Amino acid sequence: MRPEPPAFDESFDIAVIGAGVVGCAVVRRLALAGAKVVLIEKGSDILSGASKANSAILHTGFDAPPGSLELDLIKAGREEYLTLGPGLGLDLVKTGALVCAWNDLEAEKLDAIAAQGRENGVSNLALLSGATARATMPGLSDRLVAAIEVADEHIIDPWTAPLTYLTQGVALGAHFLRNAELIEGRFDGEWHLATTAGTVSARAVVNTAGLYGDIVDARLGFSPEFEIRPRKGQFVVLDKAAYAHVPRIVLPVPTEITKGVVVCPTAFGNVLIGPTAEEQEDRVRATVETATLEGLLARGAQIVPALAGMPVTAVYAGLRPASEAKAYRIFCRPEKRAVTLGGIRSTGLSAALGLAQHALKLIEGFGLSLSQASDAPELRLPNLTETCPRDWQAPDHGEIVCHCEMVTRREIEAALISPVPPGDFGGLRRRTRAGMGRCQGFYCNARLAEMTRGKLREPLAIGNERS
Ligand SMILES: O=P(O)(O)OC[C@H](O)CO
């Protein structure tokens, strides 16, 4: 018989379940409010689920449903990000976006989209002719009929932001419990959360479990209020040579289900084409299919002709934690001191800080007495090269491990001893970019495996991971 996992001596004010971008933002906000927080994650690192793969856009909310909570939270989250970003040292590139109509039928829809954007409080919008839009981005195909310019859309680094949120939470005393899958939660005036890593007690609970949001609600004993329906998105990452041709986010006319296939630059100097929107049952496997990827490449070249034949650096697929409804599935159960932030689709990256503000407001309604709010500690994540001990005279002092992305040995070592160190190789890649460049680890994986031996809960499986 499997031995009972240990119970933790400590009891927490709030347990947050799920270390995606929303969970990390919630931990930060609650810790800033003075709560003693534990973040429970079934994977070996943050961003192990939906949050590891997305298009990295900080949205304005121009096409969000008017009057919706999602819109309010996107705006609140975006505003906080714009305020914090520069101080945090977070990447923030104001590219603006063009919502492009490629035929007359699509062009007829632009007026209504622009009106919705203005109704949503996004004022920096302009309806442009095809020629005027192309003047702002000459690489666009001359088939462009018309476009809406949304000047305030940004691209960001989708991995450093949540890492920074959690790092701040940890600096404020939050505890990060990895490899801890929730088995069952019981409430008797206090929550007792049985996990695969032990039992955690907390006075309140927040479910930010993303693709497992409905399952976690059920394990907490709540009757089903929503159902996660994973929606896969496949992406192609083009070589950095493509970047010069795509200075802006290029969106199609959206549908009810999806914003559609986007062509956009990344904060790392590549170009993304994707995502698809494919419903599937599986919550874990996100496969890429050659025919679909070829289709994305063809679509990209139709939009920006210079992308034809551009080398592909990587391909990947992610899963959106969509649900049976378009709206976020947010539930507050004061009698059980529980909040569920579910069905947070692809706008989660933009709305995460807003969702965290909202969660705090709901929790304040529980009347828990939290200790005094703390001042934010120094937020800026240290430059990794600066944090590792220097030995100027060592012959390997300047060793570059990943030549494609110019990642040094000291950066890898610093990530491994950082306040929220990677738990697996994907996490190391997301923190340092080692293995993310043109060779995709062909030249550096062996060295990385050697350097990380015994230091990652899930060691490097060469050739087995794409993020
Ligand atoms: O297809 P959507 O609507 O889920 O949006 C995907 C976009 O890449 C969001 O940034």
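Among the candidates Ala180, Ala202, Ala209, Ala146, which residue alone is under 19 Å from Ala101 (Cβ atoms) and at pLDDT 95 or above?
Ala146
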* Within the range 24-59, track down each residue that is among the basic types (Lys, Arg) and within 16 Å of the ligand (Cβ to nearest atom). => Lys52
* Could you please give the count of residues in the range 295-313 that are closer than 18 Å to Gly260 by Cβ and surrounded by fewer than 17 Cβ atoms within 10 Å (Cβ to Cβ)? => 3
* **Pair list, Cβ < 6 Å and 6+ apart or interchain, from the range 242-266 residues that are more than 18 Å from Leu110 (Cβ to Cβ) to residues that are more than 12 Å from the ligand (Cβ to nearest atom) and hydroxyl-bearing (Ser, Thr, Tyr)** => Pro265/Tyr243
* **Residue list for the range 411-440, filter: modelled with pLDDT under 90 and surrounded by 22 or more Cβ atoms within 10 Å (Cβ to Cβ)** => Glu411
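For (1) among the small types (Gly, Ala, Ser); (2) free of Cβ contacts under 8 Å to residues at least 60 places away in the same chain; (3) surrounded by fewer than 24 Cβ atoms within 10 Å (Cβ to Cβ), each residue gets a yes or a no:
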residue: Val16; (1), (2), (3): no, no, no
residue: Cys24; (1), (2), (3): no, no, no
residue: Val27; (1), (2), (3): no, no, no
residue: Ala31; (1), (2), (3): yes, no, no
residue: Lys42; (1), (2), (3): no, no, yes
residue: Ile46; (1), (2), (3): no, no, no
residue: His59; (1), (2), (3): no, no, no
residue: Ser68; (1), (2), (3): yes, no, yes
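Of all residues in the range 253-265 being in a strand (DSSP E or B) and more than 10 Å from the ligand (Cβ to nearest atom), which is surrounded by the fewest Cβ atoms within 10 Å (Cβ to Cβ)? Step through it out loud before you land on a result.
Quick first cut of the range 253-265, residues in a strand (DSSP E or B) only: 262-265.
Subsequent filtering for residues that are more than 10 Å from the ligand (Cβ to nearest atom) retains 263, 265.
Numbers: Val263: 30, Pro265: 24.
Checked the range 253-265; the qualifying residue surrounded by the fewest Cβ atoms within 10 Å (Cβ to Cβ) is Pro265.
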* **Evaluation of Ile57 against (1) touching a His at 6+ places or on another chain (Cβ under 8 Å); (2) among the aliphatic types (A, V, I, L, M); (3) farther than 19 Å from Arg431 by Cα (one fails), failing number** => (3)
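How about the range 83-112: which of its residues are assigned to a helix (DSSP H, G or I), under 26 Å from the mean Cα position of the chain (by Cα) and buried (at least 17 other Cβ atoms within 10 Å of the Cβ)?
Applying the first criterion (assigned to a helix (DSSP H, G or I)) to the range 83-112 yields 83-88, 104-112.
With the extra rule that they be under 26 Å from the mean Cα position of the chain (by Cα), the set shrinks to 83-88.
Leu84, Gly85, Leu88, listed by residue number.
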* Asked: Residues in the range 217-252 that are within 13 Å of the ligand (Cβ to nearest atom), in a loop (DSSP other than H, G, I, E, B) and farther than 27 Å from Leu341 by Cα: how many?
  -> 0
* To do: Please identify the pairs in which a residue from the range 434-450 that is within 16 Å of Glu411 (Cβ to Cβ) has its Cβ atom under 6 Å from the Cβ atom of a residue that is acidic (Asp, Glu), counting only partners at least 6 apart or on another chain.
  => Met436/Glu405; Gly437/Glu405
* In the list Thr266, Thr258, Thr276, Thr208, which residue meets the criterion of being hydroxyl-bearing (Ser, Thr, Tyr), outside the structural domain of Arg299 (by TED's automatic domain parsing) and touching a strand residue (DSSP E or B) at 6+ places or on another chain (Cβ under 9 Å)? -> Thr208
* Residue check, Ser55 among the polar types (S, T, N, Q), in a loop (DSSP other than H, G, I, E, B), touching a Cys at 6+ places or on another chain (Cβ under 7 Å) and not assigned by TED's automatic domain parsing to the domain that holds Leu428 -> yes
* If you scan the range 274-284, which residues turn out to be of a type outside the set (Asp, Glu) and surrounded by 11 or more Cβ atoms within 10 Å (Cβ to Cβ)? -> Gly274, Pro275, Thr276, Ala277, Gln280, Arg283
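Tell me the strands (runs of 3 or more DSSP E) entirely within the range 266-346 that contain at least 3 residues that are modelled with pLDDT of 95 or more and away from the ligand (no atom under 16 Å from the Cβ). Walk me through it before giving the result.
Details: elements: 271-274, 312-320, 329-333, 338-342.
Output list reads 312-320, 329-333, 338-342.
The values are calculated or read from the model by the stated rules, or taken from the named source; none is laboratory data. Everything numeric here is computed off the predicted structure, so don't read it as measured data. Cβ: placed from backbone, ideal geometry, glycine included. Neighbour counts: every protein chain shown.
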